[in-house]
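The structure under discussion appears below in the form of structure tokens.
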């Protein structure tokens, strides 16, 4: 009943050989990853670091978010822009997402709404159902 | 301190599990969970690389990835529940046409 998860999946597919192609792509991906894990060549994944561990304190993250580079990094000559613009863009994204989720929750297609109204004629019409 | 290669290996394995779920299942909810698994694998690489390189930007990137994933979950789950109420199925093979 949990959004159809408990039902058996259809074996018949709309696109022919869809699942076989997906399985083949997956096998290729697994082999590539295994090759990468076995090769011990991490230099193309991770360049040589400074060896200095970043302290992920709230204070350091907040100052990186607002003000750019920390004092130690400024002393080292690192010029880091702040993350203020992405932060503000994120707020707009969250507002849009919450508005979308709420409107989707209140949206009810006319067909289902009329069926529900027929099923329970004594209840007053749903005020939120006309989204 | 755990070596960074182990973090990267774990992230690669998590990403593979997510990719397998995304490719092989056709329930929209399961595919959604697989996408979240892949996103969290990438988060793990961000944090591990940021720690290895002594840079806080990895954690900042994780912050934004988490926020975008939360927004995606909110809208996507609402869409999936709405589709399931309308059509009675969440299988992506049965949702092949765009018209409601």
Do we have any residue at all in segment B:51-58 that's in contact with a strand residue (DSSP E or B) (Cβ under 6 Å, 6 or more places away or on another chain), at pLDDT below 95 and either buried (at least 17 other Cβ atoms within 10 Å of the Cβ) or more than 7 Å from chain A (Cβ to nearest Cβ) (or both)? no
Need pairs with beta-carbon distance below 6 Å; first residue without any contact (Cβ under 8 Å) to a residue 40 or more places away in the chain and at negative phi and within segment B:20-34, second buried (at least 18 other Cβ atoms within 10 Å of the Cβ) and assigned to a loop (DSSP other than H, G, I, E, B); sequence gap 6+ or separate chains. none
Among the residues that make up segment B:90-100, is at least one of them in contact with a helix residue (DSSP H, G or I) (Cβ under 6 Å, 6 or more places away or on another chain) and part of a loop (DSSP other than H, G, I, E, B)? yes
Find the residue count for segment B:8-24, including only residues that are within 20 Å of residue B:73 (Cβ to Cβ) and within 7 Å of chain A (Cβ to nearest Cβ). 1
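The values are calculated or read from the model by the stated rules, or taken from the named source; none is laboratory data. Worth saying up front: this structure is predicted, and the values here are computed from it rather than measured. Virtual Cβ from ideal backbone geometry, glycine too; neighbours counted across all protein chains shown.
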